[in-house]
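Undergrad: Below you will find the structure I want to go over with you.
The values are calculated or read from the model by the stated rules, or taken from the named source; none is laboratory data. All of these numbers come straight from a predicted model, not from anything done at the bench. Backbone-built Cβ (ideal geometry, glycine too); neighbour counts: all protein chains shown.
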Ligand SMILES: [Zn+2]
């Protein structure tokens, strides 16, 4: 019988700021789904060195093969962070909303957070410029700068996108010069998978903008006349008589005579809300767009088999970092720090190797976890 191999090779500190720890976690059949918590020296008194799920049956069930998820990077300005009581929870709620909408709409892929990062040092501006991808419209310079990888503004976001394999990137702002949210383009390729939302707009706006990136458009009356797909539109039910007004995530309310509250559904030719249709085969089927495009979007930043944490990286307070390797994760003797108040997860199929320079400080919530590798979306 294979036994758990847990090697703590070195556990010392040469610096007051960085703990030098090397661990090797190796897979055997009894490890799947168990959680290993990396303990810097200063952390030992508060938590057990290794936390293991005590119910093997539930471990097996949690580790059943699943499809890989589409990964999202959420970046917030300092102003948005300061004005929000808890912007990390707010972004996490957007991800939960996206998955709920997919589930309600018979769409079987899921999204997950790759990184939540504060855009430290960036100051929001109120200016606008033509969007190079759709010059007919002017966009807030904030999102144009977020999207542009070489203009000297927020360029570190693109490095983080590579490090964390984030397929789509969303910026959270305090002001967006008019709209509640905006996407660089509809039906994007990988370099243009950038959108932005007001942190306090609510109403599923961040999910709506991600929907644009995937390929979805508004209700027919509120969409421009350059369709990618005939069935790309959101749907609304305008029925003041019975009081069943509603609109799906991508639909505007402006076409409704009354108010049409947005509900957690994509338009769909094969689904209902309150017993009523949520779409049509010919024109309103955002769920079909999601199913048609999910694999392409998931490959904007393909999951790595052997993932290297290849650059110095600090996950600060009120930030999240999640790294996934289908076989292994290895830090590379560079400085990787999870600061007090951050959250982090490393998940790999067989081995997670944390080399000197890695430090999850006291007050972080960090786990290294061996998991069943996910399979590509199909
Ligand atoms: Zn829109």
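Undergrad: Please enumerate the residues belonging to the stretch 215-243 that are modelled with pLDDT of 85 or more and part of a loop (DSSP other than H, G, I, E, B).
TA: Correct list: 215, 216, 218, 219, 223, 228, 229, 230, 231, 234, 235, 238.
Undergrad: Would you call residue 318 within 19 Å of the chain's Cα centre (by Cα) and at positive phi?
TA: Yes; evaluated as a whole, the condition is true for this residue.
Undergrad: I'd like the full set of residues that are within 14 Å of the ligand (Cβ to nearest atom) and modelled with pLDDT under 95, limited to the stretch 162-211.
TA: Hits for the stretch 162-211 are 176, 178, 179, 180, 201, 203.
Undergrad: If you take just the strands (runs of 3 or more DSSP E) that sit entirely in the stretch 163-207, which of them hold at least 1 residues that are in contact (Cβ under 8 Å) with a residue 40 or more places away in the chain, closer than 20 Å to residue 234 by Cα and assigned by TED's automatic domain parsing to the domain that holds residue 297?
TA: 181-183, 194-198
Undergrad: How many residues, within the stretch 271-287, are crowded, with 24+ Cβ neighbours inside 10 Å and more than 21 Å from the chain's Cα centre (by Cα)?
TA: Matching residues across the stretch 271-287 total 4.
Undergrad: Kindly check whether there is at least one residue in the stretch 100-112 that is touching a strand residue (DSSP E or B) at 6+ places or on another chain (Cβ under 6 Å), crowded, with 23+ Cβ neighbours inside 10 Å and assigned to a loop (DSSP other than H, G, I, E, B).
TA: Yes, the stretch 100-112 has at least one match.
Undergrad: Kindly provide the set of residues from the stretch 154-206 that are surrounded by fewer than 18 Cβ atoms within 10 Å (Cβ to Cβ), over 24 Å from residue 286 (Cα atoms) and over 14 Å from the mean Cα position of the chain (by Cα), ordered by number.
TA: The answer is 155, 156, 159, 175, 177, 178, 200.
Undergrad: Filter the stretch 76-91 down to the residues that are part of a helix (DSSP H, G or I) and touching a residue at least 24 places away in the same chain (Cβ under 8 Å) and list them by number.
TA: Listed by number, the residues that qualify are 78, 79, 80, 81, 83, 87, 88, 90, 91.
Undergrad: What number of residues within the stretch 113-146 are part of a helix (DSSP H, G or I) and under 21 Å from the mean Cα position of the chain (by Cα)?
TA: The number of residues fulfilling the criteria is 5.
Undergrad: Among the numbered criteria (1) in contact (Cβ under 8 Å) with a residue 12 or more places away in the chain; (2) outside any loop (DSSP other than H, G, I, E, B), which single criterion is violated by residue 296?
TA: Tallying (1) in contact (Cβ under 8 Å) with a residue 12 or more places away in the chain; (2) outside any loop (DSSP other than H, G, I, E, B), residue 296 fails exactly one: (1).
Undergrad: Give the number of residues within the stretch 128-137 that are in contact with a strand residue (DSSP E or B) (Cβ under 8 Å, 6 or more places away or on another chain) and modelled with pLDDT of 95 or more.
TA: Matching residues across the stretch 128-137 total 4.
Every residue, every condition in (1) surrounded by fewer than 15 Cβ atoms within 10 Å (Cβ to Cβ); (2) modelled with pLDDT of 95 or more; (3) farther than 30 Å from residue 363 by Cβ, yes or no:
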site: 299; (1), (2), (3): no, yes, yes
site: 302; (1), (2), (3): yes, no, yes
site: 316; (1), (2), (3): no, yes, no
site: 320; (1), (2), (3): no, yes, no
site: 323; (1), (2), (3): no, yes, no
site: 328; (1), (2), (3): no, no, no
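Undergrad: Moving on. Could you please find all residues in the stretch 244-259 being assigned to a loop (DSSP other than H, G, I, E, B) and either surrounded by 23 or more Cβ atoms within 10 Å (Cβ to Cβ) or not assigned by TED's automatic domain parsing to the domain that holds residue 292 (or both)?
TA: The answer is 248, 249, 250, 251.
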